[in-house]
1. If R0 is 35 Å, what FRET efficiency do you get for I54 and I94 from their C-beta distance, rounded to 0.05?
2. Might you work out the accessible area of K111 for me, using a 1.4 Å probe with all protein chains in place, and round it to the nearest 10 Å²?
3. Quick one: ranking W9, W34 by accessible area, 1.4 Å probe, largest first, what do you get?
Amino acid sequence: MTLTEGIFWGLSVLALSSALGVVLSKNPVHSVLWLIVTFFALSGHYILLNAQFIGIVNLIVYAGAIMVLFLFVIMLMNVKKDKEPQKQHLVKFIGVIAGGSFLTLLIALVKQTSQLQEKTVLLKEGTIGLIHPLGKA
């Protein structure tokens with residue numbers, strides 16, 4: 001394994017573990033701090049891809065400015081409550097139904113797009129005749 005591959009795998013583990021920290025952290029300030037670590041790891045990936053400009057812009061804009069803004073907003077909010085009130089089971093069920101419906105819609109759109117691309121290829125090759133929407137050729 002070369003040094004570049006080692007750095008890549010190290011940054012990948014760091015990015016994935018810090019992304020899990022963002023999602024699993026109960027404290028919003030800790031979540032933002034984990035997000036900053038994730039942005040640093042992604043900037044390292046950009047630099048490995050020889051895209052130094054994007055890596056530095058990611059650090060300056062996202063990890064610098066936007067994360068400071070997030071921290072400022074979180075600290076202005078009243079997050080001193082120890083525990084968030086528990087959501088009702090009906091609200092959780094509706095959330096699962098809405099998420100499943102959205103996932104189904106995304107899958108249908110991807111399938112429809114792939115079918116349209118196949119038809120476009122066949123149309124360019126001349127194997128299908130163009131059909132007029134009103135039934136006229």
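1. Efficiency, from the Cβ-Cβ distance: 0.35.
2. Near enough 120 Å² of accessible area.
3. My answer, sorted largest first, is W9, W34.
The values are calculated or read from the model by the stated rules, or taken from the named source; none is laboratory data. Owing to the predicted nature of the structure, the values given are computational and were not obtained by experimental measurement. We place every Cβ from the backbone using ideal geometry, glycine too, and count neighbours over all the protein chains shown. Heavy atoms of the whole protein, side chains included, go into the accessibility calculation; ligands, DNA and RNA do not. Shrake-Rupley method; radii C 1.70, N 1.55, O 1.52, S 1.80 Å.
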